[in-house]
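Here the structure comes first, spelled out in structure tokens, and everything after it is commentary.
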Amino acid sequence: MSFSENLKQIRKEHHLSQEELAELLDVSRQAVSKWETGEALPEVTKLKALAETFGVSVDFLLDETK
């Protein structure tokens, strides 16, 4: 799966809305939406924060072989 698919799946597994995740990361809900639709990728610092939030590695989020 792509980063966008991985992010959407793990966010839903943690029962978070896009808005709730955006608040945790101090970004807009629109930014999270763009990440999940593949329109944009997060900055490295936000990518690391995503991994920490979900207790996974950055590699896990970026893994396209799943």
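The values are calculated or read from the model by the stated rules, or taken from the named source; none is laboratory data. Since this is a predicted model, take the numbers as computed values, not measurements. Cβ atoms come from the backbone with ideal geometry, glycine included; neighbour counts cover every protein chain shown. Only protein heavy atoms, including side chains, enter the accessible area calculation; ligands, DNA and RNA are left aside. Shrake-Rupley method; radii C 1.70, N 1.55, O 1.52, S 1.80 Å.
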Please tell me if V32 is part of a helix (DSSP H, G or I) and not small (G, A, S). yes
Looking at the range 27-37, which of its residues are closer than 17 Å to S2 by Cβ and either open to solvent by 40 Å² or more (accessible area, probe 1.4 Å) or touching a His at 6+ places or on another chain (Cβ under 7 Å) (or both)? K34, T37
Quick one: which of A51, A40 is open to solvent by less than 100 Å² (accessible area, probe 1.4 Å), at pLDDT 95 or above and in a helix (DSSP H, G or I)? A51
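Checking the structure you have, find out if any residue of the range 6-26 is touching a residue at least 60 places away in the same chain (Cβ under 8 Å) and either open to solvent by 60 Å² or more (accessible area, probe 1.4 Å) or out of contact with any Gly (no Cβ under 6 Å at 6 or more places or on another chain) (or both). Talk me through it step by step, then tell me what you get.
To start, the set of residues in the range 6-26 that are touching a residue at least 60 places away in the same chain (Cβ under 8 Å) comprises 6.
Going one step further and asking which of them are either open to solvent by 60 Å² or more (accessible area, probe 1.4 Å) or out of contact with any Gly (no Cβ under 6 Å at 6 or more places or on another chain) (or both), we end up with 6.
Scanning the range 6-26 turns up at least one residue that is touching a residue at least 60 places away in the same chain (Cβ under 8 Å) and either open to solvent by 60 Å² or more (accessible area, probe 1.4 Å) or out of contact with any Gly (no Cβ under 6 Å at 6 or more places or on another chain) (or both).
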